[in-house]
């Protein structure tokens with residue numbers, strides 16, 4: 001059955017354009033203040049490297065924000081919905097490894113190519129033209145894939161909540177990002193990454209405290225546990241121990257963990273955004289920044305999915321659920337609509 005959006009399309013346009021322009025205006029103002037009072041000149045070097053002086057805290061928040069993309073919140077909740085409590089842990093742990101290992105690359109990059117601007121520049125200097133062309137193709141394909149996932153995932157959520165046309169959301173979501181990046185370069189992305197991360201954490205905390213302490217239909221961990229036990233009896237999970245949503249012994253969850261840990265190497269090691277953050281970092285702050293960022297990121301998909309994926313499972317038998325009395329359609333779960 002079709003799900004009626006709880007908000008009107010006007011809210012969708014207002015959120016997408018309003019938040020986008022708010023971030024753009026904030027970063028444009030910040031850039032102007034730095035230029036006016038800190039004598040900061042926006043040269044091409046400053047635009048692409050932020051003077052190579054970014055400290056570990058900002059590096060960590062930028063890593064967390066960069067790795068918190070559509071799949072982090074939407075797919076992790078879908079995995080929790082499918083496999084139960086094991087899903088969020090497998091998702092979070094499987095995608096933390098790549099960032100922690102990238103810390104090694106970050107420190108080697110600062111040691112051996114301190115004046116580089118992109119990882120492709122390093123590939124060309126070290127391995128020559130042919131390897132450079134191969135990695136250029138890999139990098140382009142990775143960025144096309146990641147951009148498509150971010151835009152379609154974000155647009156699917158906006159459409160589900162407001163009824164705003166998906167195509168319009170895809171085209172309008174990047175507008176604010178493009179504006180503040182053009183105005184402030186990579187330093188603007190570091191500052192907005194910090195704000196993004198704080199906002200995401202606040203929202204996830206609101207979700208968690210609502211689900212596990214104050215909500216009228218859930219309201220406590222024991223109530224969620226009981227509802228998940230009931231869901232296990234109604235529709236047990238194939239491959240889970242005793243079909244339970246409350247076990248870490250999940251065959252399909254473990255298979256997903258392997259796929260997740262292998263597949264995400266490409267989206268990190270072929271994305272120039274992670275190299276840019278290492279390049280912009282101060283030499284002594286690159287390694288701790290990535291280690292802190294990788295460890296901090298774990299909490300976001302784990303808590304978000306443990307809250308939202310399990311809440312969706314627990315509420316399916318309640319008339320307040322949008323698809324009651326039916327379960328969510330598999331294509332809706334795949335589209336990332338468990339969280340919204």
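Read the figures in this text as sums done on the coordinates, not as results from a lab. The shown structure was predicted, so the numbers you read here are calculated from the model rather than taken from an experiment. FYI the Cβ positions are ideal-geometry reconstructions off the backbone, even for glycines, and counts take in every protein chain you see.
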* To do: May I have the extent of the alpha carbons of segment 76-174 along their three principal axes, as whole Å values ordered from largest to smallest?
  => 49, 35, 22
* Asked: For a paramagnetic label modelled at 7 Å from the Cα of residue 53 toward its Cβ, which residues of segment 172-214 fall within the zone defined by backbone nitrogen distances under 19 Å?
  -> 184-192
* Taking the alpha-carbon centroid of each part, what is the distance from segment 165-195 to segment 126-153 in angstrom? -> 20
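Averaging sequence separations of C-alpha pairs under 8 Å and six or more residues apart, then dividing by the length of the chain, give the relative contact order as a whole percent. Intermediate results must be reported in sequence, preceding the final value.
On the way: 496 pairs, mean separation 140.4, N = 340.
Over the chain, the number comes to 41 percent.
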* Where is the GNM fluctuation largest for the chain (alpha-carbon springs, 10 angstrom cutoff): 214, 30, 118? -> 214
* In µm²/s, what is D for the chain at 4 °C and 1.567 mPa s, where D = kT/(6 pi eta Rh) by Stokes-Einstein and Rh is the Kirkwood radius from Cα pairs? -> 60
* **Under the Debye formula (equal points on every Cα, no solvent term), log10 I(q)/I(0) of segment 69-132 at q = 0.14, 0.15 Å⁻¹** => -0.62, -0.66
* Asked: Can you give the percent of C-alpha pairs in segment 196-325 whose distance is more than 27 Å?
  -> 38
* Structure fact -> Tilt, helix 251-269 to longest principal axis of the chain (alpha-carbon atoms), in degrees rounded to tens, equals 20
* **Structure-based [θ]222 nm, the chain - -39500 (n - 2.57) summed over DSSP H runs of at least 4, per residue, nearest 500** => -25500 deg cm²/dmol
* Asked: Roughly how tilted is helix 129-162, in degrees to the nearest 10 and between 0 and 90, from the longest Cα axis of the chain?
  -> 40
* Asked: For the chain, modelled as a GNM with alpha-carbon contacts under 10 angstrom, which of 313, 109, 140 fluctuates the most?
  -> 140
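When every alpha-carbon pair in segment 1-149 is counted, what percent end up more than 21 Å apart?
Details: 7412 of 11026 pairs.
Tail of the P(r) past 21 Å holds 67 percent of the pairs.
With a Förster radius of 30 Å, plug the Cβ-Cβ distance of residue 144 and residue 324 into 1/(1 + (r/R0)^6) and report the FRET value to the nearest 0.05.
0.20
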* Using only Cα atoms, locate the centre of segment 217-278 and the centre of segment 59-80, then give the distance between them in Å, rounded to an integer. => 14
* Structure fact -> One would report the Cα pair-distance distribution of segment 37-103, bin width 5 Å, in %, as 3, 13, 17, 17, 14, 11, 8, 7, 6, 3, 1
* **√(5λ) per eigenvalue of the Cα gyration tensor, segment 188-258, largest first, Å** => 32, 21, 7
* Folded to 0 to 90 degrees: helix 56-67 orientation relative to the chain principal axis, Cα -> 50
* **Computed over segment 224-279: relative contact order in percent, which uses C-alpha pairs under 8 Å that are six or more apart** => 20
* **Among 310, 287, 172: highest mean-square fluctuation, GNM of the chain, C-alpha pairs under 10 Å** => 172
